[in-house]
1. Looking only at region 57-70, count every residue that is surrounded by 14 or more Cβ atoms within 10 Å (Cβ to Cβ) and without any contact (Cβ under 8 Å) to a residue 60 or more places away in the chain and tell me the total.
2. Specify which of the listed residues (ALA123, ALA172) is modelled with pLDDT under 85 and not hydroxyl-bearing (Ser, Thr, Tyr).
3. Give the residues of region 39-75 that are closer than 16 Å to LEU122 by Cα, in a strand (DSSP E or B) and touching a Gly at 6+ places or on another chain (Cβ under 7 Å), sorted by residue number.
4. So which residues in region 14-67 are modelled with pLDDT under 90, among the aromatic types (Phe, Trp, Tyr) and under 20 Å from the mean Cα position of the chain (by Cα)?
5. Which numbered condition trips up SER166, out of (1) loosely packed, with under 15 Cβ neighbours inside 10 Å; (2) modelled with pLDDT under 85?
6. Against the conditions (1) within 26 Å of ARG80 (Cα to Cα); (2) at pLDDT below 90, where does LYS131 fall short? Just the number, please.
7. For region 31-84, name all the residues that are in contact with a Pro (Cβ under 9 Å, 6 or more places away or on another chain) and of a type in the set (Ser, Thr, Tyr).
8. Scan region 80-99 and report the pairs whose first residue is modelled with pLDDT of 90 or more and whose second residue is assigned to a loop (DSSP other than H, G, I, E, B), with Cβ atoms within less than 6 Å and a gap of 6+ or a chain change.
Amino acid sequence: MKGLTMQRNTQRAFTCATLALAALIGCAEPTSSAGVTGYNHTSNRSIYTFSVNGSMGMPLGPEEGGGGTVCCTSIPSQWRPGIKVKVRWEYQNFRDIPAPQPEVREAEVELPRYKQNDIDRLAVHFFSDHKVKVLVTPLGIRHPDYPADLRWDAPTPPDAVQAIPSPAVQPATQPSAQP
């Protein structure tokens, strides 16, 4: 009798856990996949590598980009205010090769308004002074309907986000010399 009661309690606990998990999964926000593409608007630095929420993009030479899209990062299918992505990148200056370890920068960037039909690629624009801007779009930079403030000849947009050095790779402080 005691074994039967224990078995029923175990079954009840398993059923409750399964129902709770199903409820949590049912509440998850629907997402869509977007390819990651980059545009380097700087004239003197190469983007050695970059990522959006951990999804890698292709390396970019100075004043280069849009030549390839890497699959994929997930974004909410429905836009809402406050959606942010983490962009992380490493520079490499051609003039310094062989160079020390490239600088690593990162920025939390809010996604501008997009429609579900626009979800094709997440375009990342890198500007001078370590600034970055992102856009969800089905269009390439040369398309006439591409935002004018992100075209090749445009200055850095005022709403581009300032990046910070990535705290994970900052040089260690030198210990003080012992007398």
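1. Of region 57-70, the ones surrounded by 14 or more Cβ atoms within 10 Å (Cβ to Cβ) are 57-62, 64-66, 69-70.
Filter once more, so that each one left must be without any contact (Cβ under 8 Å) to a residue 60 or more places away in the chain: 58-59, 61-62, 64, 69-70.
Adding up the residues that qualify gives 7.
2. After ruling out the rest, the residue left standing is ALA172.
3. Listed by number, the residues that qualify are TYR39, ASN40, PHE50, SER51, LEU60, GLY65, VAL70, CYS71, CYS72.
4. TYR48
5. (1)
6. (2)
7. Result: THR31, SER32, THR42, SER43, SER46, TYR48, THR49, SER77.
8. Final answer for the pair search is ILE83/LEU111; VAL85/ASN53; LYS86/ASN53; GLU90/PRO102.
The values are calculated or read from the model by the stated rules, or taken from the named source; none is laboratory data. The shown structure was predicted, so the numbers you read here are calculated from the model rather than taken from an experiment. Note that we place each Cβ from the backbone using ideal geometry, even for glycine, and neighbour counts take in every protein chain shown.
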